[in-house]
Amino acid sequence: MKTNKKADSQYISWILLLGLTIMLSYLLYNWSLKQAEQASQEIEKSADPLVCEELGFSIDGICQNIKTLNFNVTNSNNVEITGFIIKTTGLYPEDRDYLYSAIVNVKVSPGDTEKLSVLKKSTLSQVEITPFTTKNKKDIYCEGQSIKKEKKELKQC
């Protein structure tokens, strides 16, 4: 009996292609599941609107020099601020550090004012300052309370 070898190789190639597709689907599914879990953990960090509602601050005397961004921060509400995320945008898009962010861990009690000096990478055109606090040993980032300062407000020191 004579078998058609050409037909056998087509079946084998289809089986291999189907197996590869199933394997890649499985890997992609697991990867996307892990990404979703990480995203939900990040959302969980800032998922306490009641705490963020009670957090308030103001920025005064903001200026920049060659190396630092300087400003006074006043806690104007009832929750202790445990730090800030400083996101900066440079003046020149071709700079290596055009977009930069830093975390500043500083406690500011309600009613207190602290003078902060943050190292920066380039001349800035925009700064966004986001406060965070700690509750039950978790950092709660209050993006809704962020303050943005534009180029015209970032005077030279």
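The values are calculated or read from the model by the stated rules, or taken from the named source; none is laboratory data. All of these numbers come straight from a predicted model, not from anything done at the bench. Backbone-built Cβ (ideal geometry, glycine too); neighbour counts: all protein chains shown. Side chains included, ligands, DNA and RNA excluded: accessible areas come from the protein's heavy atoms. Shrake-Rupley method; radii C 1.70, N 1.55, O 1.52, S 1.80 Å.
Side notes on the structure shown:
- Scanning segment 103-153 for residues that are assigned to a loop (DSSP other than H, G, I, E, B) and either at pLDDT below 90 or polar (S, T, N, Q) (or both) gives 105, 109, 120, 121, 122, 123, 136, 137, 142, 146.
- Set side by side, the residues 97, 48 differ, and just one is surrounded by 14 or more Cβ atoms within 10 Å (Cβ to Cβ) and at pLDDT below 90, which is 48.
- Filtered residue count, segment 74-88, keeping only those that are out of contact with any Ser or Thr (no Cβ under 7 Å at 6 or more places or on another chain) and open to solvent by less than 10 Å² (accessible area, probe 1.4 Å): 1
- When residue 67 is tested against (1) modelled with pLDDT under 90; (2) open to solvent by 50 Å² or more (accessible area, probe 1.4 Å); (3) farther than 25 Å from residue 54 by Cβ; (4) not hydroxyl-bearing (Ser, Thr, Tyr), only condition (1) is not met.
- Sole residue being of a type in the set (Ser, Thr, Tyr) and open to solvent by less than 50 Å² (accessible area, probe 1.4 Å), chosen from 117, 109: 109
- Residue in segment 132-142 that is touching an Asp or Glu at 6+ places or on another chain (Cβ under 9 Å), open to solvent by less than 10 Å² (accessible area, probe 1.4 Å) and within 10 Å of residue 88 (Cα to Cα) present: no
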